[in-house]
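Trainee: I'd like to ask some things about the structure below.
We did not get these values from a lab; they are worked out from the coordinates using the rules stated. Note that the coordinates shown come from a computational prediction; the quantities given were computed from them, not determined experimentally. Heads up, the Cβs are rebuilt from the backbone with ideal geometry, glycines too, and the neighbour counts pull from every protein chain shown.
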Amino acid sequence: MAVSLTVNGRERMLDIDSDTPLLWVIRDELGLKGTKFGCGMGLCGACTVHLNGHPVRSCSTPVELADGGDVKTIEGLSQDGNLHPLQKAWVEHGVPQCGYCQSGQIMSAAHLLQHNDAPSRDDIVAALSGNLCRCGTYSRIVAAVESVVGDDAARPDREEA
Amino acid sequence: MSMNRRDFLKVTAGSSGGLVLSLSLPGCAGIQTGYDELDGSWTPDAWLELTTDDQVYFTLARVEMGQGTYTGLTTLIAEELGVTPASIKPRFAPAAPKYRNPLYNLQLTGGSTSLATSWQPLRVAGASARMMLIAAAASVWEISPTECRAVEGRVVHPNGRDNLAYGRLVELAAKQPVPKAPSLKPREEWKYIGKERGRLDAEAKSTGAPVYGIDVELDGMVYAVVSRPARYGARVKSYDDTAARQLPGVLDVFEIDRGVAVVADKYWRARKAQDALTIEWDNDGALDASSDQVFSSYHKAADEDPGESERSEGDFDDAQQGAERVLEASYEQPYLAHATLEPMNATAWYRDGAIDVWAPTQAPDLGRIAAARVTDLSPDEVTIHTTFLGGGFGRRLTNDYIEEAASVAYRIRKPVKLIWSREEDTRHDVYRPAMLHRMRASVSGDRLTGWHHQIVGPQILDWYVRNAAPAQYPWAPKFLYGTLGRVGLMAEGIATPKDHSAIEGAIEYPYRVPNLDIRHTHTDPGVPVSWWRSVGFSHNGFAVETFMDELAHEVDQDPYRFRRSLIDHEPRHLGVLDRVAQLAQWDSAALEGRARGVALFRSFGTYVAQVVEASVEFGEIRVHRVFCAVDCGQVVNPDIVRDQIEGGIIFGLTAALYGNITLEDGQVQQSNFHDYSLMRHDQRPEVVVDIIDSNESPTGVGEPGVPPVIPALGNALFALTGKRQRSLPLKATV
Ligand code: FES
Ligand code: FES
């Protein structure tokens, strides 16, 4: 079917099988490889992107449900070449080990900060508990998120609601 | 292979067009890293390239799978070369003999050896290059090299004003003699080693930029999936692909060694076509065991065969006869999956009589063998391109996914990417073996007089040797591969080294005891097994340190003091044990409703002691805090040490709380993260890691955090409930 998506601010038209998970569209049709495949069942969070401002598991979202929607991936998080405050915090705190889960972790955290000015540690943990990290970087992830709480740049009121 | 000194130094045209000073510097004699004394060769291990445009390229001969080699090894080179670590451009080494790990004579990353084996050679490589650059500058200025200094990529004149950038010196430096004994910087002068530094790959890994195996993209690439038998060892009897072939985008369906491959223009279409396939399997000779049978066969083997003695001191039988009390316990541990977050995958392209493979592999030269075995190509016609790895933990030492991708590519002659689903990854892993331990101890008064440990289970090398032997003997004609595999199996010590995978951590029992007997009863139920983060230490640690706890209880002693009294002859053990007791405030009471357990374990040369604080809440085990003291010798990057140890703790707790691969009629029962759970954010304990200051040679940290945390948690639960759990995973109620 013909699908139109706005991805990281750019309009994209595609002809694709309607049941294809959004994940594979993002990765293979649009060439944005930062979004990862981990489980294909909504269990690990590696594939997390924002769809119309909501964090979704793109592995379990058929592209037809995203038709006409607005998608943001890890590649769209930094703006004008500047890293998002979360990304800066990730570097400062030396968060990634293998790094494979981190796009998903950051996308979940970015959504939280967009909607919660002052999340508590419990809020952060709750928002991220769907994102698995096999390398066990959890404590640094939480510390990195906490370090940007209150940073206005973490909540640019962009296209997201 | 011995090399002439002159071979180390090459002046060539670099990719940038400029002149390149390449120094390939080998491991050297006298270091503890397993240098090959037999032929006296310096095994080249690193490849440093300096260009006239001031770039420094460093070829990483160990893969980056999260354990930090990318940063750690680069730091070593940078320190001695006199440049900032961030200014170096690391690149991954292709499969080539000169990049082999000298400990294994294979190019592989595992066993927490990267830093230990690189510590000396990389610093020597950096120092040699630095001295040659200084000599070059000195010759320009017509002064003595000893008057010049190297500072951040420049050689500085004693007048403090003049300086020359490395890039300008490259050509001249390449003509300088290679220093015979380059002098390494003394510890006081280190600027980067041992200092808190971020990870060089952190920014890339926070923006989605690194290319993992699964991200490789080639023009005209197609996608493959493979249906494999549910029971290990089954073969395709017949299959019907009529329906599958009619689906859009399907290019081909065919049988390969390991199952039936479906190739399509898109990944999702390949998956859908796979669903439309019907396959009949020939289960003759296939695995049919169930987990219960595995353990009953272990107990039977243990009864019938006392096993080979691996370490014996004094006379345990005597001790047992003269003892007031004899304590016995047996421990069982299940199969475990690796569950790297990036599932197995590989991309391959066969063209012009040769095949290129892009893969996240821990063992690139074994990957060449794997690809050669399933095609008519020789290993020389296989090129392996290593990518970033989305976790390794030992899984990617086995290259079954490369075998599959190569088989498919060889047939369809297009670039093809093969991706395993999570379900396939869980069900077709090569597992941490299930193991049985039978422990016996003799006690008189409050004294431990005898220790007996019988380890029951398979050896990993039996499974691995089929791949490893030909890689170590690349000259062997292909028809010999099978034979080499068997030689490895049957003539242990000839083609393969002794396999310590089952007994490591048990034979190094460190506590003082006059009579000791440690044995291995070798029995293999036929389930494919492999190395898994910390390998044999992962199960021996649980057996030894849980039984020590039982003994402490038996003689009415505090578990920390009991251990302490038996290990005061081992200063590094004692050092971490005392430190962790302080950290955890062992002597003060635990918080209401919580209890603590302790464990002490050395693995891969690194000493680790841990205290776990746990409770049971709402019917679930809750791990609140983990305290950890670690002694890993000199520290290259303290931040990465803490990070790896904490990661190991989470990995170990995941095994202790959830890890359980079970078999039923030869089929693995688990499939995805709902039934093979990993620890999540909301279950994570607070972790406190303290590193002992040391002048000893550095040892690895990727694995040693794992083993002690499992018994420490079990011991905490015993302290909490008074009930001893002797099998894993641990339960909230027993
Ligand atoms: S890949 Fe989508 S949640 Fe795991
Ligand atoms: S950093 Fe490896 S899975 Fe999270």
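Trainee: Return the average number of partner chain Cβ atoms within 10 angstrom of each residue Cβ along peptide A:38-49.
Mentor: Across A:38-49, the average partner-chain Cβ count within 10 Å equals 5.
Trainee: As an exercise, identify the trypsin sites (Lys or Arg not before Pro) in the range B:163-211 lying in DSSP coil whose Cβ has no more than 10 other Cβ atoms within 10 Å.
Mentor: Here the trypsin sites (Lys or Arg not before Pro) that fit, given the DSSP loop and packing criteria, are B:Lys180.
Trainee: Below 12 angstrom from the Cβ of B:Leu728, what's the summed charge of the other residues (Lys, Arg +1; Asp, Glu -1)?
Mentor: +2
Trainee: Please sort by residue number the GluC sites (Glu not before Pro) in the range A:74-161 whose DSSP state is loop and whose Cβ has at most 16 other Cβ atoms within 10 Å.
Mentor: Sparse-neighbourhood loop GluC sites (Glu not before Pro): A:Glu159, A:Glu160.
Trainee: Please check chain B for the longest run free of chymotrypsin sites (Phe, Trp or Tyr not before Pro) that are loop-located per DSSP (anything but H, G, I, E, B) and have at most 14 other Cβ atoms within 10 Å.
Mentor: B:1-474
Trainee: Let me ask another. For B:Leu583, B:Leu448, what's the fewest-to-most ordering of other Cβ within 10 Å of each Cβ?
Mentor: Ranking B:Leu583, B:Leu448 by Cβ neighbours within 10 Å, fewest first, gives B:Leu583, B:Leu448.
Trainee: Could you go through the range B:332-344 in sequence order and give the Karplus-derived ³J(HN,Hα) for each residue, using 6.51 cos²θ - 1.76 cosθ + 1.60 with θ = phi - 60°, rounded to whole Hz, and x for Gly and Pro?
Mentor: Whole-Hz 3J(HN,Hα) from phi for the range B:332-344: 10, 10, x, 5, 10, 9, 7, 6, 4, 5, 7, x, 4.
Trainee: Per-residue mean of other chain beta-carbon atoms within 10 angstrom of the beta-carbon, peptide B:260-268?
Mentor: That works out to 3 on average.
Trainee: Moving on. Looking at chain B, identify the longest residue range that excludes and avoids all GluC sites (Glu not before Pro) in DSSP loops having at most 15 other Cβ atoms within 10 Å.
Mentor: Longest gap between qualifying sites, sites excluded: B:325-591.
Trainee: Over chain B, what relative contact order in percent results from Cα pairs under 8 Å that are six or more residues apart?
Mentor: Here the relative contact order equals 13 percent.
Trainee: Moving on. Please report B:Ile640, B:Ile402, B:Ile518, B:Ile88 as a ranked list, fewest other C-beta atoms within 10 angstrom at the top and most at the bottom.
Mentor: So the residues, fewest neighbours to most, are B:Ile88, B:Ile518, B:Ile640, B:Ile402.
Trainee: Further question: Determine the distance separating the Cα centre of the range A:74-136 from the Cα centre of the range B:495-537; give it in Å without decimals.
Mentor: A separation of 41 Å, based on Cα centres.
Trainee: So, one more: For chain B, return all DSSP H helices satisfying: extent of Cα atoms along own axis at least 27 Å; mean Kyte-Doolittle hydropathy at least -0.5.
Mentor: Membrane-span-like by this rule: B:114-141, B:535-554, B:638-657.
Trainee: Just list whichever of A:Lys72/B:Lys414; B:Lys237/B:Lys417; B:Lys89/B:Lys205 have alpha carbons separated by over 21 Å in the model shown.
Mentor: Checking Cα-Cα distances, A:Lys72/B:Lys414; B:Lys237/B:Lys417 exceed 21 Å.
Trainee: Under 1.5 on a/c is rounded, so check that first for chain B, then, if it is not, pick prolate when a/b is larger than b/c and oblate when it is not; a ≥ b ≥ c are the square roots of the alpha carbon gyration tensor eigenvalues.
Mentor: Because a/c hits 1.5 or more and a/b fails to exceed b/c, chain B counts as oblate.
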